[in-house]
Structures are given as C-alpha cells and as structure tokens.
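Colleague: Quick one: the structure is below, questions incoming.
What follows draws every value from the coordinates through simple rules; no lab data is involved. Computed from a prediction, not measured in an experiment: that's the story for all the values here. Counting neighbours? That spans all protein chains shown, and the Cβs are built from the backbone with ideal geometry, glycine included.
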Amino acid sequence: MPAALAALPGQRNLGTFARDKRGMDGPTLETERLTLRQWRADDLAPYAELLADPAAARFIVPGGRPVTEPFAAWQHAALLAGHWALHGTGMFVVEDRATHRFLGRVGLWHPAGWFGPELAWAVVEHARGQGIAFEAASAALAWSFDALQVDALIHCIDDDNAPSQRLAARLGATPGERIDLFGRPARIWTSRR
C-alpha cells in the first residue's frame, strides 16, 4: 500500500513509496494459536494502542505513562525492530494465527547497559487471561536459548506486576536480585535452560 512521505518543515514532499508487507527478514515461530514474526509497518497502529493502554504502559514504558503521541509510538516500534538489525535478535510481534490480528510483543531485549539478556512480553487487553502471553513467551524462550546459546535469561518484573510474576513462575523462572526499573522497585527473575 503506498504511503505519502510528509515533508518536514523547510523540506519538499518526498512523494510516495511502496511498503513491503513482509517486514524485516528474520525468524518466524509458530505455536498452536500464534505466529511470532518480525515487525511490519502495519503493526504501528495496534502497537500504539498497546502503548496507550494504561495497564500495559505502567509496566512496559519508561516512566509508566501511556504513550499517546503517534511519533513516540513509532519510536518504540522502531527501537524494537532496530534491535533485530543491531543484535540479530529482538522482540517478535505476537499475531493470532487464525485472524492475523496483532496481540502483542515478546522476545529478547538487551540494549547497552541493560541488566542482561532479557525475555520480555506484553499483550493487548483482549488477549490477557487466555494464556497468550505464556504460549508466546514459552516459544520465544526456547528459541532464545538456542539463538543465544545461553543457559539463562532474565525477566525484569515490577514488584506490582503480579500477572508477569505468575507468568515468569509458570516459565520456571525464579526471583532474584532487587533492582530499580525505570524508577520503580522490581526484581530480576531468571529462567534457566
């Protein structure tokens, strides 16, 4: 689908370009109900909705405030897609296999200065409480152990995020070191191969 490139102030309009629906090259994982795949331009709107959800933003956005500006949501998505380009790993888009509907994101997060290679997750409101995050995280965890050839991955979980603590426990992770996560008390949970 063509999209116009809007001109920045003082620049000329750059016209239109064709977007490749495939997104970036990279692995695709499938589970019984889900496809874990690379980011595409059409993920921006549903990802922006996830970031604007106060219940999700509280735990996945630095500062814990919903992201309501389109450019800020684009930056978040570009950061996650760029992680793949820089590290060869990153967050997958979680998609419903039957409907191809965006359900969230799951995968590796390890920017410079982070606590260690982390497997993280977040799903949209209508997918919560259905085992979607567990199914996605289980598949991503297995893939991540093989991709990184490591025996342990961490999950940085806010002390108030009981659903993620329960999910980490279901994955077999154990709580450990206390940390400051974006100004909030949290704990590093560790999953071992």
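Colleague: Kyte-Doolittle mean at least 1.0 and Cα extent at least 15 Å along the axis: which DSSP H helices of the chain qualify?
Modeller: Working: long enough: 70-87 (26 Å, 0.45); 132-148 (23 Å, 1.22).
Length and hydropathy pass: 132-148.
Colleague: Okay, next question. Working only with C-alpha atoms, what are the Rg and Dmax values of region 154-193, expressed in angstrom?
Modeller: 9.4, 30
Colleague: For the peptides 39-51, 179-191, what is the packing order when you average, over each peptide's residues, the other Cβ atoms within 10 Å and list the highest mean first?
Modeller: Ranked from most to least packed, the peptides come out as 39-51, 179-191.
Colleague: Sticking with this one: Shape verdict for region 42-152, please, from the Cα gyration tensor: rounded (a/c under 1.5), prolate (a/b greater than b/c) or oblate. Intermediate values should be presented prior to the final figure.
Modeller: Details: a/c = 1.64, a/b = 1.21, b/c = 1.35.
The shape class here is oblate.
Colleague: If you place +1 on the Cβ of every Lys and Arg, -1 on the Cβ of every Asp and Glu, and leave all else neutral, what size is the dipole of the chain about its Cα centre, to the nearest 20 Debye?
Modeller: Dipole size: approximately 100 debye.
Colleague: Toward the positive end of the charge dipole of the chain, about the Cα centre and with charges on Cβ (Lys, Arg +1; Asp, Glu -1), which of L29, W121, P185 goes farthest?
Modeller: L29
Colleague: Further question on the same structure: Tell me whether the chain comes out rounded, prolate or oblate; compute the Cα gyration tensor, take square roots of the eigenvalues as a ≥ b ≥ c, and use a/c under 1.5 as the rounded threshold. Before the final figure, lay out the partial values.
Modeller: Values: a/c = 1.75, a/b = 1.49, b/c = 1.17.
Prolate.
Colleague: Classify region 60-114 from the C-alpha gyration tensor, please: rounded if a/c falls under 1.5, else prolate or oblate depending on whether a/b exceeds b/c. Before the final figure, lay out each step's value.
Modeller: Details: a/c = 1.90, a/b = 1.13, b/c = 1.69.
Verdict is oblate for region 60-114.
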